[in-house]
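Only one structure is covered here, and it is reproduced in the block below.
The values are calculated or read from the model by the stated rules, or taken from the named source; none is laboratory data. Values in this document were obtained by computation on a predicted structure and should not be read as measured data. Cβ sites come from the backbone with ideal geometry, for glycine too, and all protein chains shown count toward neighbours. For accessibility, only protein heavy atoms count, side chains too; no ligands or nucleic acids. Shrake-Rupley method; radii C 1.70, N 1.55, O 1.52, S 1.80 Å.
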Amino acid sequence: MANHNKTAAEGRTFRRYRDGDSKPESWQEQIFKAGWSYKCPVYVQRTPTCQNGCPAGEDIRGWLDVVRGIDKPPEGVAWQEHAFRRLTRANPFPGIMGYVCPAPCEDGCNRRAVEDRVGINAVEQFLGEAALKAGYSFARPTKETGKRVAIVGGGPGGLACAYQLRLKGHACTIFESRAELGGMLRYGLPNYRTPPAVVQGEIRRIIDLGIEVNTGVRIGKDISFVELDQSFDAVFWAIGTQRGRIPDIPGAHAPNCIGGIEFLRAFNEGRLPNVPQRIVVVGGGDTSIDVTTVARKLGGVSATKPDGSPLTYTADMVTSAAVHSGQKVTLTSVLPVQRLKASEREVADAQSLDVAIMGEIMPLAVIVDGHGRATGVRFVHCMHDKDGKRVPKEGPEFEIPADLVVFAIGQVADMEGLEVLDNGRHAIAPGPGFQVLGQPRHFVGGDIVAPHLLATAIGHAAIAAEGIDALLRGVPAARRPHIDKHHFDIREHLRKNAKPVDGMVTSPEAVHNFENRSHREVIESDALFLAHFATTERIKREERRLVDLFAQGGERIVPLNADQAVAEAKRCMSCGLCLECDNCVVFCPQVAVKKVPRDQHAVGYYVTTDYTRCIGCHICADVCPAGYIQMGLGE
Ligand SMILES: Cc1cc2nc3c(=O)[nH]c(=O)nc-3n(C[C@H](O)[C@H](O)[C@H](O)COP(=O)(O)OP(=O)(O)OC[C@H]3O[C@@H](n4cnc5c(N)ncnc54)[C@H](O)[C@@H]3O)c2cc1C
Ligand code: SF4
Ligand code: SF4
């Protein structure tokens, strides 16, 4: 029959069915005869939409269940630690994620159909901060396999892969061409977005697993591909894309035209104490926004304090003075301003710093003076035709004067010395399981495959680590599932109750009528009983505007406290897994659903059905808020 859960936008109803709804929608439903059927409830675990949207593949519902108190920690372990350990099975950087992951998980969160998404990223940040404060470390492997893996690139992808492999007992050596580990986290994202203590703390915790680190070593130059290949049992490539793309227009190679990545790297290395007065940034994505906000933070070289006295370039003074200095930063994009690729929050930040944003204009040429230096950029208004191709609009060309031009239009990899891996497009092509095509002992992940997010690089690394582990153990790599995430394993919980009886091991696993479809099915909001959930406002973190941050210092995003984190986790509807609400027990007219005795209880095994009493009325399935109960063929 029709499910009349409505979305938040449609206005929620407390009815699952409308009056007069009596006709079955599908032949599967026709088995119901009046108030009974030949179907009985089975318990079906599915992947929640949040988890499906997390590129790192975190078991989000799992660690939220720990925070909200459904999944209890072992004796003597704090819930914060239990949740942290569950989360870090997939992603060893919860603190960093809390500051900079744009949280695609929240975009898909089913709770939106009630009133607003769950603040997953905020709870994750809380756990990351709590773990650093408490000094939780990762347990070193108890057994060494004797196998050695080289990890090329010490960014988030490389570090995440080293972490996963080390936990499996393999020796890992990271080769990083720069002086410090972190990749774009350290050299790309402006350091006011990623608190250094959090970045250093989370990297240190991984290295403390016993990982060898060689910084200042570029593979392909200091060590050749062949040498590396011969010295290790397997190699993981996470070299990212380290060069800004420069457009193919006249004048673009003038000495005062640079790539966005080069600009940000200079800032993060402290080599950029100030910038010239007029800066034109060509882009429209997150990198271009970072460039503009850094430029505003630094301020112009000729900036003076409001009282006219010269500046001394301590960070805060420069910033507050530069904001008043008349320094002009213009961001240009070929897209309309409302459709910039950068996130809304980043665009608002740039606007709060008086960055001028001009949409739908395309650069034609960089104008250079007699010394070959850029003095401006010539643009024309543009639009996109019906095939999405960019075309100039009729009308006059115009110039924007510039002392510095920054192109933030994408990055390319540096494949010098690594031509054997180059797929012809300055990237390394992955095969199944992120194995490099044609190189069975080599795996790849992160931006070098396709630039995206930190969480994406971390997700690739976890999958590649499983492939490398299989290779090193000499077993065939497991076939990757359709939904390739870290799934909650109910059997792990059920087995803890297994008891030997007369030489046989019995386990609720055998009796609990349970099916795990997490690897192939996602549970959407229309499969939930949304009316169960009272409207509860999302607990928001304090997110400070950059203009205030630069003037006053401190952190950009203020983490939740423990009470807030628990309250926010309680908003999670536990989509696709029992949330221990008792509805099915209370509403079953046959008293066929019973709570599992306390000493046998496990997460996902909270209730059980007496199939001798069940008449298949499907009331339990209708009132299950989490969509965990499905009517299956039974006796
Ligand atoms: C300006 C900017 C802002 C961003 N903001 C965000 C954000 O807010 N949120 C988000 O989720 N993502 C963001 N990203 C994307 C994110 O930073 C990347 O997706 C992520 O860092 C990719 O990780 P990686 O390990 O693949 O590559 P990288 O982080 O690039 O690390 C690769 C490492 O390999 C090293 N290396 C390269 N070649 C060699 C070699 N031959 N030998 C040895 N070492 C080598 C490099 O020095 C580098 O340290 C941003 C990216 C940029 C550029
Ligand atoms: S890593 Fe990003 S996408 Fe994944 S749970 Fe955290 S915030 Fe969500
Ligand atoms: S309600 Fe909870 S389980 Fe469901 S999608 Fe949102 S965070 Fe995930």
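Please find, among Gly251, Gly220, the residue that is in the same structural domain as Val366 (by TED's automatic domain parsing), away from ligand 3 (no atom under 16 Å from the Cβ) and buried (at least 19 other Cβ atoms within 10 Å of the Cβ).
Result: Gly251 is the single residue among Gly251, Gly220 that is in the same structural domain as Val366 (by TED's automatic domain parsing), away from ligand 3 (no atom under 16 Å from the Cβ) and buried (at least 19 other Cβ atoms within 10 Å of the Cβ).
Suppose we filter region 180-190 for residues that are over 16 Å from Ile151 (Cα atoms) and open to solvent by 20 Å² or more (accessible area, probe 1.4 Å); how many remain?
Number of matching residues: 3.
Restricting to region 385-417, count the residues that are closer than 28 Å to Pro255 by Cα and in a loop (DSSP other than H, G, I, E, B).
Summing the residues that are closer than 28 Å to Pro255 by Cα and in a loop (DSSP other than H, G, I, E, B) in region 385-417 gives 12.
Give me the residue from region 451-470 that is of a type outside the set (A, V, I, L, M, F, W, C) and out of contact with any Phe, Trp or Tyr (no Cβ under 8 Å at 6 or more places or on another chain) and, out of that set, farthest from ligand 1 (Cβ to nearest atom).
Asp469
Against the condition open to solvent by 50 Å² or more (accessible area, probe 1.4 Å), within 25 Å of Leu132 (Cα to Cα) and of a type outside the set (Gly, Ala, Ser), how does Arg204 come out, does it pass?
Considered against the rule, which asks whether it is open to solvent by 50 Å² or more (accessible area, probe 1.4 Å), within 25 Å of Leu132 (Cα to Cα) and of a type outside the set (Gly, Ala, Ser), Arg204 comes out as yes.
All but one of (1) surrounded by fewer than 16 Cβ atoms within 10 Å (Cβ to Cβ); (2) among the hydrophobic types (A, V, I, L, M, F, W, C); (3) in contact with an Asp or Glu (Cβ under 8 Å, 6 or more places away or on another chain) hold for Leu577; which doesn't?
(1)
Val591 versus (1) over 21 Å from Gly616 (Cα atoms); (2) out of contact with any strand residue (DSSP E or B) (no Cβ under 9 Å at 6 or more places or on another chain); (3) more than 16 Å from ligand 2 (Cβ to nearest atom); (4) among the β-branched types (Val, Ile, Thr): which is the lone unmet condition?
(1)
Any residue at all in region 383-402 that is under 37 Å from the mean Cα position of the chain (by Cα), among the small types (Gly, Ala, Ser) and crowded, with 20+ Cβ neighbours inside 10 Å?
Yes, some residue in region 383-402 is under 37 Å from the mean Cα position of the chain (by Cα), among the small types (Gly, Ala, Ser) and crowded, with 20+ Cβ neighbours inside 10 Å.
Can you name every residue in region 74-124 that is within 20 Å of Gly135 (Cβ to Cβ), open to solvent by less than 10 Å² (accessible area, probe 1.4 Å) and assigned to a loop (DSSP other than H, G, I, E, B)?
Thr88, Asn91, Pro92, Phe93
Do we find that Phe175 is among the aromatic types (Phe, Trp, Tyr) and over 22 Å from the mean Cα position of the chain (by Cα) in this structure?
Answer is yes for this residue.
If I ask for residues that are in contact (Cβ under 8 Å) with a residue 12 or more places away in the chain and at positive phi, which ones from region 70-119 would you list?
Across region 70-119, the qualifying residue is only Ala103.
Before we move on, is Val213 under 16 Å from Val149 (Cα atoms), open to solvent by 20 Å² or more (accessible area, probe 1.4 Å), assigned by TED's automatic domain parsing to the domain that holds Met184 and outside any loop (DSSP other than H, G, I, E, B)?
So Val213 fits the description; yes.
Considering only region 531-635, give the helices (runs of 4 or more DSSP H) lying wholly within it that have at least 1 residues that are more than 28 Å from Val118 (Cβ to Cβ).
Here the list reads 546-552.
Residues in region 12-25: is at least one at pLDDT below 95, away from ligand 2 (no atom under 13 Å from the Cβ), surrounded by 13 or more Cβ atoms within 10 Å (Cβ to Cβ) and acidic (Asp, Glu)?
yes
Just wondering, is there one or more residues in region 465-475 that are within 22 Å of Glu521 (Cα to Cα), outside any loop (DSSP other than H, G, I, E, B), touching a residue at least 60 places away in the same chain (Cβ under 8 Å) and open to solvent by less than 40 Å² (accessible area, probe 1.4 Å)?
no
Just to be sure, is Leu494 of a type in the set (A, V, I, L, M, F, W, C) and either at pLDDT 95 or above or closer than 26 Å to Leu159 by Cβ (or both)?
Against the criterion (of a type in the set (A, V, I, L, M, F, W, C) and either at pLDDT 95 or above or closer than 26 Å to Leu159 by Cβ (or both)), Leu494 does not qualify.
Please verify whether region 196-203 includes one or more residues that are in a helix (DSSP H, G or I), at pLDDT below 95 and out of contact with any helix residue (DSSP H, G or I) (no Cβ under 8 Å at 6 or more places or on another chain).
Yes: region 196-203 contains one or more residues that are in a helix (DSSP H, G or I), at pLDDT below 95 and out of contact with any helix residue (DSSP H, G or I) (no Cβ under 8 Å at 6 or more places or on another chain).
Only residues that are assigned to a loop (DSSP other than H, G, I, E, B), under 18 Å from Gly201 (Cα atoms) and in contact (Cβ under 8 Å) with a residue 40 or more places away in the chain: list them for region 175-187, please.
Selection gives Gly183 alone.
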